[in-house]
Amino acid sequence: MTSDDWQEWRQLRRDALEEAPHAFGSTLAEWSGAGDIEQRWRDRLDAASVNLIAELDGLAVGMVSLAAAEDQEAEVISMWVAPSARERGIGAALLQEAIALARVDGACCVTLDVTVGNEPAINLYTKAGFVDAGWATSPSDAKPERRMRLDLRRTATAQ
């Protein structure tokens, strides 16, 4: 997706923030009212190197973004699948495509942060080869997060 797709991204992101507020650092309130402007949505899409959506029966049901980080690292952000589309492999497909694009871009690893207690997400990431890399936030935060990491050099040699 590009910034020209901002309206479709906006709807999906707002759905995600409403359905799973525990899974995101941002809130629906922050992206509503005065925060709900076209340029802000366009800037959000431009800020990530990759923005993907998944469709099921013609409806957008999932999303993932990949942002460049320091030292050839890529970071998965904004991962979400609609409840009606879960347990169908959509999250795994989105994640695998993001990982493949990170590899093409020359990343040595992919990281992501996941909220403590979000077991479905943790299981998805673990099955994809991510390992726990420690605290991303303080354990005493309102929504503490763990960092997970996938070493692309190790997974490339294992394949």
key: Within-15-Å neighbourhood charge of Ser138 [Cβ basis; K, R +1; D, E -1]   = 0
ask   = Extension gain Glu30-Ser140, at 0.36 nm per residue separation less the Cα-Cα distance, in nm?
value = 37.3 nm
query = How much net charge surrounds Gln96 when only the other residues with a Cβ under 13 Å from the Cβ of Gln96 are counted, with Lys and Arg +1 and Asp and Glu -1?
reply = +1
request  = Show that you can apply the helix-only estimate: for the chain, add -39,500 (n - 2.57) for every DSSP H stretch of four or more residues, divide by all residues, and state [θ] at 222 nm to the nearest 500.
outcome  = -10500 deg cm²/dmol
task = Restricting to region 3-158, compute how many DSSP beta bridges are antiparallel as a %, nearest 5.
result = 85 percent
remark   = Thr126 and His22 label points (each 7 Å along its Cα→Cβ direction) are spaced in nm at 1.7 nm
query = Which of Val76, Val114, Val131 moves the most in a Gaussian network model of the chain with Cα springs under 10 Å?
reply = Val131
note = Result row for the chain, helices from DSSP H with C-alpha axial extent 15 Å or more and mean Kyte hydropathy at least 0.5, is 90-104
query = Per-residue HN-Hα couplings for region 53-68, Karplus 6.51 cos²θ - 1.76 cosθ + 1.60 at θ = phi - 60°, whole Hz, x for Gly and Pro?
reply = 10, 10, 10, 9, 6, x, 10, 5, 10, x, 8, 7, 10, 10, 10, 6
Computed lengthening from Arg40 to Val116, 0.36 nm per intervening residue step minus Cα-Cα distance = 24.5 nm
task = Taking the Cβ of Asp46 as the centre, find all other residues whose Cβ is under 12 Å away and add up their charges (Lys, Arg: +1; Asp, Glu: -1).
result = 0
query = Tell me, what are the semi-axes, in whole angstrom and largest first, of the equivalent ellipsoid of region 1-145 as set by the roots of 5 times the Cα gyration tensor eigenvalues?
reply = 22, 18, 17
query = Each label point is 7 Å from the Cα along the Cα-to-Cβ direction; what then is the distance between the points at Glu8 and Ser49, in nm?
reply = 2.3 nm
Residue-by-residue Karplus 3J(HN,Hα) for region 74-84, coefficients 6.51, -1.76, 1.60, Hz, glycine and proline x = 10, 10, 7, 9, 6, 7, 6, 10, 4, x, 5
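No lab work stands behind these numbers, since they all come straight from the coordinates. Bear in mind that the values here come from a model prediction, so they are computed numbers and not experimental data. As a convention, Cβ positions derive from the backbone with ideal geometry for all residues, glycine included, and neighbour counts pool all protein chains shown.
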